[in-house]
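All remarks here apply to the structure that follows.
Just so it is clear, none of the values below were taken in a lab; they were calculated from the coordinates. Remember, it's a predicted structure, so these values are computed and weren't measured experimentally. Note: ideal-geometry Cβ built from the backbone for every residue, glycine included; neighbour counts use all protein chains shown.
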Amino acid sequence: MKPRSGEYAHLIRMAGLFAIGITAFLLLRWMMVPADFGLWGHYRAGAVKDNMERPVKFAGQAVCVECHTEVAELRAKGKHAKVSCESCHGALAAHAQNPDGVKPTRPDPRKTCIICHTASISKPKSFPQVVPAEHAPEGSCADCHVVHNPKLS
């Protein structure tokens with residue numbers, strides 16, 4: 001039995017739609033994916049250069065310790081020994097480059113401490129957690145704790 005001319009028209013239309021879709025995908029991919037993407041795996045080679053051109057914002061713990069030895073010694077004895085200075089104090093590269101000209105603001109212990117220490121089921125039971133409204137409804141954490149070595153003072 002010989003097929004009639006209109007029996008395959010729906011397949012031809014479907015094939016045309018697939019061809020248009022694939023062509024649109026390849027065209028958009030060509031327009032949106034950088035040329036250096038994929039040279040080193042699933043990575044854009046120029047990203048390293050782009051990141052190196054950004055200004056440095058963080059100084060790093062070693063730079064802080066050079067000037068603030070007394071704080072470093074206090075922290076080394078406490079539970080915050082492994083917490084980076086900039087985790088609480090923010091990015092300090094500008095202060096490290098110009099210590100006399102750029103004075104960082106001192107963080108509010110009440111706001112800063114609860115970022116890590118507010119009770120959460122996702123934290124291990126051994127991690128110090130508090131419900132701020134019950135633990136200390138008013139006042140600063142620094143009223144009872146030395147922030148760099150937070151055992152009770």
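Under unit Cβ charges (Lys, Arg +1; Asp, Glu -1), what dipole magnitude, rounded to 20 debye, does the chain have relative to its Cα centre?
Details: 19 positive and 13 negative charges, 152 e Å.
So the magnitude is around 720 debye.
Tell me, in nm to one decimal, what length is gained between Ala76 and Met14 on full extension, where the rule is 0.36 nm per residue of separation less the Cα-Cα distance? Mind showing how you got there, number by number?
Details: separation 62, 0.36 × 62 = 22.32 nm, distance 6.93 nm.
In short, 15.4 nm is gained.
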Checking the cross-link filter: which lysines have an alpha carbon closer than 16 Å to that of Lys57, excluding same-chain neighbours under 8 positions apart? Lys103
Candidate lysines - alpha carbon under 17 Å from Lys79, same-chain residues fewer than 8 apart omitted: Lys123, Lys125, Lys151
Under a plain spin-label model, where a point goes 7 Å from the Cα along Cα-to-Cβ, how far apart in nm are Val146 and Ala62? 2.7
Count the net charge of all other residues whose Cβ sits under 13 Å from the Cβ of His95, scoring Lys and Arg as +1 and Asp and Glu as -1. 0
In debye, nearest 20: dipole of the stretch 78-135 around its Cα centre with unit charges on the Cβ of K, R (+) and D, E (-)? 200
Pseudo-spin-label distance Trp30 to Asn51, built 7 Å along Cα→Cβ, given in nm, is 3.1
Per the helix-only calculation at 222 nm, which mean residue ellipticity applies to the chain, given -39500 (n - 2.57) for every DSSP H run of n ≥ 4 and division by its residues, nearest 500 deg cm²/dmol? -12500 deg cm²/dmol
